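Q: Let me give you the structure first, and then I'll get to my questions.
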Amino acid sequence: MLIVGHSRTAHPGTWAWPAGLIVWGPGNHTSSHAHHSIQVVMALSGRLKTRGSSAERWGSAGAVIVPPDVTHEIDARGRTILIAFIDPESALGRAMTARAARAMTRVADSDVQRWRRLLGPSSSIREAALRKWLEQELGSGTEPGVMDPRVATVIRVLAVTAASHFTSAKRELIAMVPPALPRPELLVASTGVAEAAGAALLLVPATRPLAAYGLIFLFAVMLPANISAARRHLTLRGRPATALWLRLPMQLLFIVWAWAVR
């Protein structure tokens, strides 16, 4: 992911609706990759470095639109950014795909400035402005709809927890891995990717059951790390790890939560 935690000037946030997920906060660099969602990446100030692959030269843009399954690489370090992940099979996604090029498109500077004025700074982005941006600027009048609040809540939580696997909190998460397990750095990165993938799959009704069952499995296999952290009196973000008497019911709650949104 591009969103990687907190800074003094960025104010991270998330908003989910049936056709996708929007996240905003401090940016980072991603290696060349592709995914099935339509992706809109915008620097809320300044410009992004973008290219299709590591073999290409970097270009510059205030925002880019990436069609489904198109390889792309974005360097947003030092920028506060907003990313919209949109289901290409949704009404909004189909409307965007019908007008989009087959390659990553750099958005015109005049459009980027209009988007920024509409959304405002990261500290004051609100749902009404996001809906207006999606409907008027991206969907040409397509209504983004309303997501089941249970699903939206799970997605928001997963977006935050997945990001923590790639921020300064990563070191503490690595320390939580039971000593008997090999390559704790890889395990922490893999579970972060799995949480992000679970959030993405929850966006699409057809893949929501698969996401829910996968998250139930993930929450179960992550429990030993939480138990290990509590027994070894480790800290997370400067606070003691959750005590076992509370951690076990919390993990059960996460599992029930995932079951409820399947």
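Q: Among the residues of the range 184-193, is there at least one that is at positive phi and at pLDDT 80 or above?
A: No: the range 184-193 contains no residue that is at positive phi and at pLDDT 80 or above.
Q: Additional query: Can you list residue pairs whose Cβ atoms sit under 6 Å apart, with the first residue in the range 200-224 being charged (D, E, K, R) and the second being buried (at least 18 other Cβ atoms within 10 Å of the Cβ) and in a helix (DSSP H, G or I)? Count only pairs 6 or more apart in sequence or on different chains.
A: Between residues of the range 200-224 that are charged (D, E, K, R) and residues that are buried (at least 18 other Cβ atoms within 10 Å of the Cβ) and in a helix (DSSP H, G or I), the close pairs are Arg208/Leu202.
Q: Within the set of pairs 6+ apart or on separate chains, which have a first residue in the range 27-46 that is more than 19 Å from Gly139 (Cβ to Cβ), a second that is among the charged types (D, E, K, R), and C-beta atoms under 6 Å apart?
A: Listed by first residue and then by second, the contacts come to Gly27/Arg79; Asn28/Arg77; His29/Asp75; His29/Arg77; Ser32/Glu73; Ala34/Asp69; Ala43/Arg79; Gly46/Arg79.
Q: Is the range 3-25 home to any residue that is among the basic types (Lys, Arg) and under 23 Å from Leu203 (Cα atoms)?
A: No, that holds for no residue.
Q: Go through the residues of the range 151-169 one by one and say whether even a single one is over 30 Å from Gly238 (Cβ atoms), of a type in the set (A, V, I, L, M, F, W, C) and within 19 Å of the chain's Cα centre (by Cα).
A: Yes: one or more hits.
Q: Okay, moving on. Here is a list of conditions, (1) in contact with a helix residue (DSSP H, G or I) (Cβ under 7 Å, 6 or more places away or on another chain); (2) modelled with pLDDT of 85 or more, and Pro121 meets all of them except one; can you say which number that is?
A: (1)
Q: Would you confirm, using the coordinates I've provided, whether Ser124 is in the same structural domain as Pro88 (by TED's automatic domain parsing), loosely packed, with under 14 Cβ neighbours inside 10 Å and among the small types (Gly, Ala, Ser)?
A: yes
Q: Just name the residue that is farthest from Pro179 (Cα to Cα) out of those in the range 226-262 that are more than 23 Å from the chain's Cα centre (by Cα) and in a loop (DSSP other than H, G, I, E, B).
A: Gly238
Q: On the given criteria, is Gly139 modelled with pLDDT of 85 or more and either assigned by TED's automatic domain parsing to the domain that holds Pro18 or crowded, with 19+ Cβ neighbours inside 10 Å (or both)?
A: Details: modelled with pLDDT of 85 or more: no; either assigned by TED's automatic domain parsing to the domain that holds Pro18 or crowded, with 19+ Cβ neighbours inside 10 Å (or both): yes.
Spelling it out, it is not the case that Gly139 is modelled with pLDDT of 85 or more and either assigned by TED's automatic domain parsing to the domain that holds Pro18 or crowded, with 19+ Cβ neighbours inside 10 Å (or both).
Q: Which residue is farthest from Val40 (Cα to Cα), if the candidates are limited to the range 69-102 and must be in contact with a helix residue (DSSP H, G or I) (Cβ under 7 Å, 6 or more places away or on another chain) and not hydrophobic (A, V, I, L, M, F, W, C)?
A: Thr80
Q: Here is a check on your reading of the model: is Ala129 among the small types (Gly, Ala, Ser) and without any contact (Cβ under 8 Å) to a residue 12 or more places away in the chain?
A: For Ala129, the condition - among the small types (Gly, Ala, Ser) and without any contact (Cβ under 8 Å) to a residue 12 or more places away in the chain - is met.
The values are calculated or read from the model by the stated rules, or taken from the named source; none is laboratory data. No experiment lies behind these values; they were computed from the predicted model shown. Glycine also receives a Cβ, built like all others from the backbone with ideal geometry; neighbour counts cover every protein chain displayed.
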